[in-house]
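Worksheet: one structure, shown below.
Derivation of every value follows stated rules applied to the coordinates shown; laboratory data play no part. Predicted, not measured: the structure shown is a model, and the values here were computed from it. Please note: Cβ atoms are built from the backbone with ideal geometry, for glycine as well, and neighbour counts cover all protein chains shown.
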Amino acid sequence: MDNKLKLSKPAKGLKGELQVPGDKSISHRAVMFGSVAEGRTTIHNFLMGEDCLSTISCFRKLGVDIDIHADEVTVEGKGWEFLSEPSEVLDTGNSGTTTRLMMGLLAGRPFHSVIIGDESIAKRPMKRVTDPLKLFGTSIDGRDQGNFTPLSVRGGNLKAIQYKLPVASAQVKSAILLAGLQADGVTEVIEPQRTRDHTEKMIIEFGGEIERVEDTIKVRGGQVLKAADVYVPGDISSAAFFMTAAAIVPDSRITLKNVGLNETRIGIADVLKRMGAKIEINEMPDSGERIGDIMVETSELQGIEIGGDLIPTLIDEIPVIALLATQAEGTTIIKDAEELKVKETNRIDAVVQELKKLGADIEATDDGMIIKGKKPLHGAQVHTWGDHRIGMTLAVASLITESPVYLENADAINISYPNFFEDLSKLVE
């Protein structure tokens with residue numbers, strides 16, 4: 001793919017069916033749990049994006065045998081005790097999930113390891129994870145007292161903790177739970193708002209026990225996990241780009257097959273419904289993670305206010321929701337989304353700057369954005385900021401601009417969706 005990609009409006013609307021790649025969050029976690037479980041774990045429909053491949057690379061360095069065949073991954077787990085001290089630095093690439101969750105897992109292992117990532121990871125705050133992990137008794141050091149990579153972890157001999165999350169974060173919660181599985185006693189995590197619960201579901205899928213009472217999650221240390229056969233549903237965060245495209249591109253009607261419908265991730269569908277979009281969801285019965293087909297067609301949209309408990313269920317979709325709002329009548333307000341400032345980039349600033357280049361009436365606030373629609377968009381030269389979700393948002397925007405969009409650093413999209421443009425072309429008549 002060229003570093004600067006020319007994107008043009010299609011002649012007609014979007015039509016047809018598509019199966020989006022496997023869920024990124026679930027793919028990461030399946031490798032991690034398979035690596036510490038006993039037996040052979042097979043992961044079907046694994047996401048072969050750069051982030052998830054970074055997770056595989058790290059666990060291979062920890063002594064785990066992992067094989068890849070097309071979109072199927074097999075992990076030969078031997079239990080927690082058989083992870084070995086890595087002779088190399090563990091490079092997590094651009095993956096915040098790998099970095100933060102792996103710290104929780106390594107916190108309980110009685111050896112030394114060093115974690116690094118790319119330039120983006122080096123700027124992302126880690127104290128929100130390293131601080132609670134230190135309370136368990138593990139030793140973590142790094143730049144700015146453990147706030148930035150490279151990070152040094154000397155684990156082992158953990159004591160269970162009770163911890164109230166200062167911000168709603170599935171990554172922080174998951175890191176604590178992974179440490180808690182190895183600690184002496186029962187670890188409790190208290191959430192200010194409910195976040196995606198793939199880690200909790202996967203503990204159960206791998207034969208473990210975990211309890212949730214209202215906003216408190218409890219996990220007992222010393223559990224032995226058993227290998228599992230994992231099917232990874234389509235990623236709702238990837239599906240969100242096509243859902244938005246179908247809603248705003250004239251004469252469109254698409255169906256997205258086998259998409260994950262986890263109740264902690266389905267906020268994008270709630271937003272579309274509240275904005276007046278034509279959307280149907282047909283759920284399949286009897287699946288572990290909820291799975292179904294999503295149909296969306298061209299819609300007349302209305303601006304709404306988005307905030308509160310809804311934000312953790314769609315935090316990764318806010319860039320494309322901002323685009324959606326540019327094509328809605330009236331004003332859309334996004335608030336309570338401070339977490340966007342510590343993603344791959346400051347997504348609030350990045351989204352506002354890039355959509356403004358295309359003619360959007362959008363302003364940043366301290367915790368979100370204000371978008372006034374309905375505004376026609378025009379072509380311009382825009383940049384991904386090295387962020388896959390901003391890149392895909394701008395690509396979707398190009399479907400409704402009268403003149404071409406020139407996207408710089410389009411390769412960033414490979415982080416989560418290597419075949420994005422190929423799949424998009426399947427829907428263009």
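The relative contact order of the stretch 24-231 comes to 21 percent, based on Cα pairs under 8 Å that sit 6 or more residues apart. Remark on N94: its backbone amide H falls under 5 Å from those of D118, a criterion applied only to residues 5 or more positions apart or on other chains, H modelled at 1.01 Å from N. Counting only DSSP H runs of at least 4 residues, each contributing -39500 (n - 2.57), and dividing by the residue count of the chain, the helix-based mean residue ellipticity at 222 nm comes to -8500 deg cm²/dmol. Applying Stokes-Einstein at 10 °C and 1.306 mPa s to the Kirkwood radius of the chain, computed over alpha-carbon pairs, gives a translational diffusion coefficient of 73 µm² s⁻¹. Shown here for the stretch 195-299: GluC sites (Glu not before Pro) in loop regions (DSSP other than H, G, I, E, B) with at most 12 other Cβ atoms within 10 Å, namely E209, E214, E263. Here the 3J(HN,Hα) profile of the stretch 303-315, calculated from phi with Karplus coefficients 6.51, -1.76 and 1.60 at θ = phi - 60°, is x, 9, 9, 10, x, x, 5, 6, 4, x, 7, 8, 4 Hz, Gly and Pro shown as x. Amide H contacts under 5 Å for S403: G379, restricted to partners 5 or more places along the chain or on a different chain, H placed in the peptide plane at 1.01 Å from N. Once the convex hull of all Cα atoms in the stretch 24-231 is built, its volume per residue stands at 99 Å³. A dipole drawn for the stretch 368-429 from +1 and -1 charges on Cβ atoms has a positive end, and of S425, L407, M369 the residue lying farthest that way is M369. Summed over all non-identical Cα pairs, the Kirkwood treatment of the stretch 110-193 gives a radius of 13.1 Å. Remark: the stretch 211-228, residue by residue, has Karplus-estimated 3J(HN,Hα) of 10, 10, 10, 6, 9, 10, 10, 10, 9, 8, x, x, 6, 9, 9, 10, 4, 9 Hz, where x stands for each Gly or Pro and the curve is 6.51 cos²θ - 1.76 cosθ + 1.60 at θ = phi - 60°. Taking M284, M392, M102 in turn, the Gaussian network model of the chain (Cα-Cα springs below 10 Å) assigns the largest fluctuation to M284. Remark on S252: its backbone amide H falls under 5 Å from those of L14, T298, a criterion applied only to residues 5 or more positions apart or on other chains, H modelled at 1.01 Å from N. For the chain, DSSP calls about 75 percent of its internal beta bridges antiparallel. Once you've got the GNM for the chain with C-alpha springs shorter than 10 Å, pick whichever of D51, D131, D144 has the biggest mean-square fluctuation. With Cα springs under 10 Å in the chain, the top fluctuation among D51, D131, D144 is at D144. Ranked by how many other Cβ atoms sit within 10 Å of their own Cβ, fewest first, the residues R60, R196 fall in the order R60, R196.
When the pairs K173/K426; K24/K372; K123/K218; K15/K201; K4/K357; K201/K372 are compared against a 27 Å limit on Cα-Cα distance, K173/K426; K24/K372; K123/K218; K15/K201; K201/K372 fall above it.
So if I place +1 on the C-beta of Lys and Arg and -1 on the C-beta of Asp and Glu, and nothing else carries charge, what would the dipole magnitude of the stretch 121-169 be about its Cα centre? I want it in debye, nearest 20.
100 debye
Each Lys and Arg contributes +1 and each Asp and Glu -1, all at the Cβ; summed about the Cα centre of the stretch 24-231, the dipole is approximately 600 debye.
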